[in-house]
Amino acid sequence: MIIYNAKIYDTSKKCFFNGSVAFDRGVITEISDKKSGDIDAGGAYLIPGLIDVHSHGRGGVDFMNAEPDKISECLGLYLKHGVTTVFPCVMTAPYDDITKAINNIKNTKSDINIDGIHVEGPYISPVRPGCHNVSQLRPLYCDEAAKLTEMIKPYKAHFTVAPELEGADMFIKTLIKHGATVGIGHSDCKFDRALEAVELGCVSFTHTYNAMRGLNHREPGTVGAALSGRAYAEFICDLFHIRKEVLAISYKAVGADRFVIVSDSISAADMPDGNYDLSGMEVNVRDGKAINNAGAIAGSTTNIFDELKNLMIATGAPFEELVVTATANPAKQVGIYGSTGSIEVGKRADMVLTDKENVLLTVCRGKIIK
């Protein structure tokens, strides 16, 4: 299969060039200047498939309580938004519910890539729980960390952890030893402690600003560490979780190479306003904004492609500069850049054809989805 007459994204240079991409058996086999093939892109932009490393579901399906067949149906909805790789998110709940959700995700067959699972809670701060159930938070047991990480294999495991909690150093080291990546989130840790956690091996900050200690001119907090450090920083760019002017300031501080767009979408995404479930918690969605009964923001109803457009509006940065925030950066954050996140020979044929406003066509593992 060959897509020709396309403007192809060069990740390393953050620019486009004219050419064609050939792929076979789900893998990119050639990038050239051929003028013919199977699909005429018509001069549209061909970018890597979008990657969402933080999502709780969409289309009425919650990853925490859905069976594999429903999860499969749900994952198909991501493809229409140009998302070709998802890390389904499990969240704070009784331990047995978490392990059941992990097994259901692992037993799911889908056209999309499930490259890993994001464990967001229960290893988070009761001071910054967001919408998580404080009564279900757990101590940081290292044997539990090892068990969960091994259970998730052969998928990648990504954990959100509050590094100020007792035993966090050894907990983080154990996760990393067993192959997981770790993000700092739902945390009340101070600036210096956050930087210490990055030195321990934490690679990212989970949905920066939301459910973390804020920025102060004398104590920069968790947010200050996210903006000024060297780890990746996730942002929900729905213009509700973070005001657009703050997104612009944050982008200037973080830069294109550390900024990661995440959806934090819930079952209400791609659905009308109404009442929805998030891990057993009732969430009310009005005007696309999800709020639980306690008044806390409870995830989003957005998608990565729309957020990419929002980030363009907020920052004024060009499309070609920002593509990495939804492709290469999340892939590098969770350790899958060797197989996806850029258009290169030998990588998976995960690509999106777009006019910058719409997803025209999605290619996932070489399969064409219109």
Pull out a ≥ b ≥ c, the square roots of the eigenvalues of the alpha-carbon gyration tensor of the stretch 50-340, then state rounded if a/c is under 1.5, prolate if not and a/b is larger than b/c, and oblate in the remaining case. rounded
Shape call, the stretch 290-346: gyration tensor on alpha carbons, a/c limit 1.5: oblate
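What fraction of the DSSP beta bridges in the stretch 21-115 is antiparallel, stated in percent and rounded to the nearest 5? Kindly include the intermediate steps, with their values, before the conclusion.
Values: 6 of 12 bridges.
Expressed as a percentage, antiparallel bridges in the stretch 21-115 total about 50.
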Using the Cβ atoms and a cut-off under 12 Å, what net charge is assigned to the surroundings of ALA226, where Lys and Arg are +1 and Asp and Glu are -1? +2
In what order do SER300, SER72, SER265, SER20 fall by count of nearby beta-carbon atoms within 10 Å, going from fewest to most? SER72, SER20, SER300, SER265
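Quick check: from the Cα gyration tensor, does the stretch 154-270 come out rounded (a/c under 1.5), prolate or oblate? Mind showing how you got there, number by number?
On the way: a/c = 1.79, a/b = 1.21, b/c = 1.48.
Oblate shape, in that a/c is at least 1.5 and b/c is the bigger or equal ratio.
For the ranges 234-243, 145-154, what's the packing order if you count other beta-carbon atoms within 10 Å of each residue, average per peptide, and put the highest first?
Details: 234-243: 21.7, 145-154: 17.5.
Going from most to least packed, we get 234-243, 145-154.
Residue separation times 0.36 nm, minus the C-alpha to C-alpha distance between SER228 and VAL27: what's the value?
Details: separation 201, 0.36 × 201 = 72.36 nm, distance 3.72 nm.
Contour length minus the Cα-Cα distance gives 68.6 nm.
Which net charge results when you count Lys and Arg as +1 and Asp and Glu as -1 among the other residues whose beta-carbon is under 14 Å from that of LYS244?
Values: positive: ARG243, LYS252, LYS309; negative: ASP238, GLU245, ASP306, GLU307.
Residues near LYS244 contribute -1 overall.
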In nm, spacing of pseudo-spin labels at ASN275 and ASP169 (7 Å Cα→C-beta vector): 4.8 nm
Among the lysines, which have Cα under 21 Å from the Cα of LYS14 when same-chain residues fewer than 8 positions away are ignored? LYS252, LYS309, LYS332, LYS347, LYS356
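So, by mean Cβ neighbours within 10 angstrom, what's the order for 126-138, 327-339, 181-193, 28-40 with the highest one leading? Please report the intermediate quantities before stating the final value.
On the way: 126-138: 17.5, 327-339: 22.1, 181-193: 23.8, 28-40: 14.0.
Top to bottom by mean Cβ count within 10 Å: 181-193, 327-339, 126-138, 28-40.
Could you line up ARG213, ARG25 from fewest to most neighbouring Cβ atoms inside 10 Å? Can you show the working numbers first?
Details: ARG213 23, ARG25 9.
So the ranking, lowest neighbour count to highest, is ARG25, ARG213.
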If amide hydrogens are placed 1.01 Å from N in the peptide plane, which non-local residues have theirs closer than 5 Å to the one on ILE8? PHE17, ASN18, GLY19, LEU46
Mind giving me the nanometre distance, one decimal, between the label points for ASP287 and GLU219, set 7 Å out from Cα along Cα→Cβ? 3.4 nm
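Can you figure out the FRET efficiency of ALA248 with TYR155, using R₀ = 41 Å and their beta-carbon distance, to the nearest 0.05?
Working: r = 35 Å, r/R0 = 0.85.
Between ALA248 and TYR155 the formula returns 0.70.
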Applying 1/(1 + (r/R0)^6) with R0 = 56 Å to the Cβ-Cβ distance of GLU321 and ASP96, what FRET efficiency is obtained, to the nearest 0.05? 0.80
At the level of C-alpha centres, the distance separating the stretch 342-370 and the stretch 38-92, in angstrom, is 13 Å
Which pairs break 32 Å Cα to Cα here: LYS13/LYS244; LYS13/LYS370; LYS35/LYS80; LYS289/LYS370; LYS106/LYS177; LYS106/LYS244? LYS106/LYS244
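Quick check on the exposure proxy: order HIS217, HIS81 from fewest to most C-beta atoms within 10 angstrom. Kindly include the intermediate steps, with their values, before the conclusion.
Numbers: HIS217 6, HIS81 23.
Fewest to most other Cβ atoms nearby, the residues stand as HIS217, HIS81.
Taking only DSSP H segments of four or more residues, each worth -39500 (n - 2.57), what value at 222 nm results for the chain once the sum is divided by all its residues, to the nearest 500 deg cm²/dmol? Kindly include the intermediate steps, with their values, before the conclusion.
Working: 10 runs with 96 residues, N = 370.
After summing the helix terms and dividing by the residues of the chain, the value is -7500 deg cm²/dmol.
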With +1 on each Lys and Arg Cβ and -1 on each Asp and Glu Cβ, how big is the dipole of the chain about its Cα centre, in debye rounded to the nearest 20? 580 debye
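Read-outs throughout are calculated quantities, based only on the coordinates presented, and are distinct from any laboratory measurement. The structure presented is a predicted model; accordingly, all values stated were derived computationally and were not measured. Counting neighbours? That spans all protein chains shown, and the Cβs are built from the backbone with ideal geometry, glycine included.
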